[in-house]
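The values are calculated or read from the model by the stated rules, or taken from the named source; none is laboratory data. All of these numbers come straight from a predicted model, not from anything done at the bench. Using ideal geometry, Cβ is built from the backbone for each residue, glycine included, and neighbour counts are taken over all protein chains shown. Quick note on the areas: whole protein, heavy atoms, side chains included, nothing else; ligands and nucleic acids left out. Shrake-Rupley method; radii C 1.70, N 1.55, O 1.52, S 1.80 Å.
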Amino acid sequence: MKRSEINRNIRETIRFIDEMKFKLPPFAYWTPESWKNKGTEYDEIRQNQLGWDLTDFGSGDFDKTGLFLFTIRNGNLYNPACKKNYAEKILIVNPGQVTPYHYHKNKMEDIINRGGNGVLNVQVYSSLNERELDKKSPVPVAVDGRNYQVDPGTVVKLSSGESITLFQGVFHQFWSDDAKLLLGEVSMVNDDHQDNFFLEERGRFPAVEEDEKPLFLLVSDYSR
Ligand SMILES: [Fe+2]
């Protein structure tokens, strides 16, 4: 993705998050320049990949297959010194934009429709293996304290305020039909390097074409 496109998306997203009256932590607004003065006491942000995150899942078409995220807190499975075993993110979904089928082996997550006055569609299947939907078995879900099973391929519809628990091994894809949505994600530790199993071969972090300076760093920029 072009950096100019990423910058434009971040600007739009900040406006939307403001409209939703959601507040991000201060590090959301640290410039690349000010990052240079942030010492090791901020390593949790870098190492646990907190902050702006945007992906087109390798599709080359962010508007159709993509997701904008901000990780507010996270643990770190590779750092025993990190005691945090939970994570929180917000996700911004544009109308018609799909997050494609994937599941997690380690992470159990709740996806919450927090704002935007629209319906979030979450389609679920159990998994036969990393690359195969189980088209026969019922799928266990929990929706706001109601634990039940749905038919394979069911689209669970979540109105504002509603949430779904996605258990390990449950394939999920999600999208919004007609409203821009602010979603929350509350989960176990998030590991985007090892724990996303996509039904189709996908990339998780975009290759960036530097056609202008970054407005803010993405989590994938920290190591660069
Ligand atoms: Fe997921």
Name the one entry in 64, 84, 21 that is modelled with pLDDT of 95 or more, within 17 Å of residue 184 (Cα to Cα) and charged (D, E, K, R).
21
Determine the pairs where a residue that is under 22 Å from residue 209 (Cα atoms), located within the stretch 1-28, has a partner that is surrounded by fewer than 16 Cβ atoms within 10 Å (Cβ to Cβ) and not charged (D, E, K, R) with Cβ atoms under 8 Å apart, the partner being 6 or more residues away or on another chain.
1/207
Can you name the residue in the stretch 198-224 that is more than 22 Å from residue 88 (Cβ to Cβ) and in a strand (DSSP E or B) and is also nearest to the ligand (Cβ to nearest atom) among such residues?
198
When both residues are 6+ apart or on different chains and their Cβ atoms are under 6 Å apart, which pairs have a first residue that lies in the stretch 161-185 and is more than 10 Å from the ligand (Cβ to nearest atom), and a second that is of a type in the set (Ser, Thr, Tyr) and open to solvent by 10 Å² or more (accessible area, probe 1.4 Å)?
169/103; 169/127
Residue count for the stretch 92-138, restricted to those that are open to solvent by 30 Å² or more (accessible area, probe 1.4 Å), within 13 Å of the ligand (Cβ to nearest atom) and of a type in the set (Lys, Arg)
1
For residue 151, only one of the following conditions fails: (1) within 16 Å of the ligand (Cβ to nearest atom); (2) modelled with pLDDT of 95 or more. What is its number?
(1)
